[in-house]
1. Which of (1) within 25 Å of the chain's Cα centre (by Cα); (2) surrounded by 11 or more Cβ atoms within 10 Å (Cβ to Cβ); (3) assigned to a helix (DSSP H, G or I) is the odd one out, the single condition residue 192 does not satisfy?
2. Kindly list the number of the only condition in (1) surrounded by 13 or more Cβ atoms within 10 Å (Cβ to Cβ); (2) modelled with pLDDT under 80; (3) under 60 Å from the mean Cα position of the chain (by Cα) that fails for residue 119.
3. So which of 359, 304 is under 13 Å from residue 432 (Cβ atoms) and either out of contact with any strand residue (DSSP E or B) (no Cβ under 9 Å at 6 or more places or on another chain) or outside the structural domain of residue 375 (by TED's automatic domain parsing) (or both)?
4. Select, from 164, 139, the only residue that is out of contact with any strand residue (DSSP E or B) (no Cβ under 9 Å at 6 or more places or on another chain) and either under 15 Å from residue 56 (Cα atoms) or surrounded by 12 or more Cβ atoms within 10 Å (Cβ to Cβ) (or both).
5. If a residue has to be in a strand (DSSP E or B) and surrounded by fewer than 22 Cβ atoms within 10 Å (Cβ to Cβ) to count, how many in region 364-375 make the cut?
6. Just the residues that are touching a residue at least 12 places away in the same chain (Cβ under 8 Å) and under 17 Å from residue 223 (Cβ atoms), please, taken from region 187-204.
7. Under 6 Å between Cβ atoms, at least 6 apart or on separate chains: pull out the pairs that start in region 81-101 with a residue that is touching a residue at least 40 places away in the same chain (Cβ under 8 Å) and end on any residue that is outside any loop (DSSP other than H, G, I, E, B) and loosely packed, with under 15 Cβ neighbours inside 10 Å.
8. Determine which member of the set 152, 181 is buried (at least 17 other Cβ atoms within 10 Å of the Cβ), modelled with pLDDT of 90 or more and out of contact with any helix residue (DSSP H, G or I) (no Cβ under 6 Å at 6 or more places or on another chain).
């Protein structure tokens with residue numbers, strides 16, 4: 001059996017669900033209302049017949065009973081002597097036999113229901129009674145000189161049934177009307193609430209890659225619609241910023257690639273010229289230098305691209321971080337620059353050795369490029385984190401540039417330049433490698449060192465520091 005499906009659209013679904021809920025609530029309420037109404041009307045009739053029966057019993061006891069009993073509020077009454085003979089009754093059942101053979105002791109009141117007005121079961125009701133309806137009977141025992149008389153008062157439940165029969169059609173008409181009003185109000189209220197969403201959809205459809213500066217109007221209401229608009233605008237802010245970075249990245253990468261490619265092209269044109277007299281060894285060295293620069297730039301771009309796509313694969317192995325840094329510092333022997341490696345402490349880590357070597361090389365290269373002549377390097381473990389610290393005695397980094405220096409192709413004036421051979425990607429690669437390992441890289445303020453201080457912190461469970 002195929003399950004029923006809701007109509008498409010929030011407005012239609014909300015209206016259908018509200019209609020179902022309203023209908024169920026009204027139907028249940030109507031059933032309860034009818035039951036309570038019947039119970040109240042029946043209880044009222046019980047009070048009438050009980051009170052009337054006790055009043056007549058009082059007349060029997062006092063001797064003030066006449067043969068004809070006045071009818072009160074549509075009730076019928078009989079007084080039956082100890083022998084079972086009817087000695088008094090209301091006019092509507094005058095001359096009839098006793099309506100019940102039941103007896104009760106003197107002073108006792110008993111309520112019961114009967115389907116007929118005579119003890120034999122034959123219905124012979126007067127005009128005040130509905131033959132299709134049961135009767136409510138109150139029997140009271142009244143003591144007199146020759147025995148206990150039975151006072152019987154009968155009230156027909158026909159009036160109760162007629163009231164309920166009148167009420168049901170009214171509810172049958174009223175409930176559908178209320179359901180329709182509820183559905184109409186739900187449709188209107190939901191439509192009014194969703195009107196800003198339609199406006200947001202129209203505005204969002206007009207936002208393209210060429211128009212990322214556009215934003216969605218935020219409604220004045222303090223509700224989920226406002227929160228949605230603010231969230232979408234926040235997403236558009238991040239998207240615009242990301243696209244701007246990508247465009248700037250492509251532009252900068254093209255500009256950076258242009259220089260080595262142009263140099264290689266010039267060298268090739270010179271080599272092709274029959275008039276040129278070149279020294280092959282020197283020429284090959286120049287070509288190799290530009291090729292290495294180009295290869296380094298491409299490798300850095302590839303690393304950053306993988307980091308952006310979250311495809312950074314790490315080949316973790318155990319090694320000594322201090323020894324790796326010492327090897328890199330030894331391979332960078334530069335005239336006029338000394339490395340202070342006294343802060344290197346044996347630190348066993350479980351990381352990608354090749355990536356960590358690249359991270360250390362970039363930090364050391366960055367320090368060498370703008371140092372005054374001395375570079376300090378430290379490694380160790382602190383609070384469960386393995387750390388690498390590289391400091392120099394250069395001009396330092398301004399406070400307002402300490403965040404954007406990790407962006408791509410960012411060079412500080414006088415500190416990093418294309419002439420010095422940097423690509424402007426070194427620190428961006430350091431940040432990408434650190435974050436791939438779950439770590440961070442920061443610029444610190446440290447009075448022990450006069451220049452820039454970089455520290456990489458990497459979470460290393462089980463990292464050990466020794467001597």
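1. Here residue 192 meets the rest and fails (2).
2. (3)
3. Numbers: 359 fails: either out of contact with any strand residue (DSSP E or B) (no Cβ under 9 Å at 6 or more places or on another chain) or outside the structural domain of residue 375 (by TED's automatic domain parsing) (or both).
On inspection, the qualifying residue turns out to be 304.
4. Going through 164, 139 in turn, the sole match is 164.
5. 1
6. Quick first cut of region 187-204, residues touching a residue at least 12 places away in the same chain (Cβ under 8 Å) only: 187, 190-191, 193-194, 196-197, 199-200, 203-204.
The answer is 190, 191, 193, 194, 196, 197, 199, 200.
7. Correct list of pairs: 81/87; 82/147.
8. On the way: 181 fails: buried (at least 17 other Cβ atoms within 10 Å of the Cβ).
Answer to the selection: 152.
The values are calculated or read from the model by the stated rules, or taken from the named source; none is laboratory data. Owing to the predicted nature of the structure, the values given are computational and were not obtained by experimental measurement. Backbone-built Cβ (ideal geometry, glycine too); neighbour counts: all protein chains shown.
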